[in-house]
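The values are calculated or read from the model by the stated rules, or taken from the named source; none is laboratory data. Since the structure is predicted, the reported quantities are computational estimates derived from the model, not experimental observations. Heads up, the Cβs are rebuilt from the backbone with ideal geometry, glycines too, and the neighbour counts pull from every protein chain shown. Just the protein is used for accessible areas: all its heavy atoms, side chains included, with ligands, DNA and RNA removed. Shrake-Rupley method; radii C 1.70, N 1.55, O 1.52, S 1.80 Å.
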Amino acid sequence: MAGPEGAALTILAPAVAFVDLETTGTSSTGDRVTEVAIVRVAEGEVVEEWSSLVDPERSIPPDIQILTGITNEMVRGAPTFADIRHEVRSRLEGHLFVAHNARFDYGFLKNEFARLEMPFSADVLCTVRLSRRLYPEAVGHGLDALIARHGLVDPLEAVDPAARTGRHSALGDA
């Protein structure tokens, strides 16, 4: 990301981590993570895209499987959150945590770390709240509305349409 957009991100914070999770449901205290993605940006440039399926150690409800495309078979044999906790933490450390509906993603990560008796905190920026402030006249502030408003496209999806980079995949949404 070069040009004015990159400069804006640098002004926002020198290191930013765009985060998205897929989960077994909507309760951060009762449901679990099934996929995590982190896109790190430093000085306005994407420096890393990382994602992993996560074994939630419970069954994924059928409606969630339909929504996310993540099945019980896909996460069978994937690492648990405990297995990737250090990787996740090191990728987020020192970065501004940015997510669409950040309360959801941040809450899930905070609870996953709490289950492992590991404290976790970060400075958080919610793109839903930011959109509402910057575009109060806009009809929608959901991720699809932001993608359309700003003409955002997923370059990975164009290369490999079968990759888990579309909407409702953690990496695609991050």
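Can you tell me which residues in the stretch 135-147 are assigned to a helix (DSSP H, G or I) and free of Cβ contacts under 8 Å to residues at least 40 places away in the same chain? Answer for the stretch 135-147, where residues must be assigned to a helix (DSSP H, G or I) and free of Cβ contacts under 8 Å to residues at least 40 places away in the same chain: ASP144, ALA145, ILE147.
Selection over the stretch 92-134 of residues that are part of a loop (DSSP other than H, G, I, E, B) and either open to solvent by 70 Å² or more (accessible area, probe 1.4 Å) or touching a Cys at 6+ places or on another chain (Cβ under 8 Å) (or both) gives a count of 8.
When the stretch 78-130 is limited to residues that are touching a strand residue (DSSP E or B) at 6+ places or on another chain (Cβ under 7 Å) and among the small types (Gly, Ala, Ser), the one that is nearest to THR34 (Cα to Cα) turns out to be ALA78. Scanning the stretch 47-71 for residues that are in contact with a Lys or Arg (Cβ under 8 Å, 6 or more places away or on another chain) and over 25 Å from ALA17 (Cα atoms) turns up GLU57, ARG58. Selection of the stretch 42-83 for residues being surrounded by fewer than 18 Cβ atoms within 10 Å (Cβ to Cβ) and among the hydrophobic types (A, V, I, L, M, F, W, C) yields ALA42, VAL46, VAL47, TRP50, ILE66, LEU67, MET74, ALA78, ALA82. For first residues located in the stretch 97-111 and closer than 12 Å to SER121 by Cα, partners that are open to solvent by 40 Å² or more (accessible area, probe 1.4 Å) and part of a helix (DSSP H, G or I) and lie 6+ apart or on another chain with Cβ distances below 7 Å form the pairs PHE97/TYR106.
Taken together, the residues in the stretch 22-81 that are β-branched (Val, Ile, Thr), assigned to a strand (DSSP E or B) and either more than 17 Å from the chain's Cα centre (by Cα) or at pLDDT 95 or above (or both) amount to 6.
In the condition set (1) modelled with pLDDT under 70; (2) of a type in the set (S, T, N, Q); (3) over 16 Å from the mean Cα position of the chain (by Cα), SER131 is compliant with all but (1).
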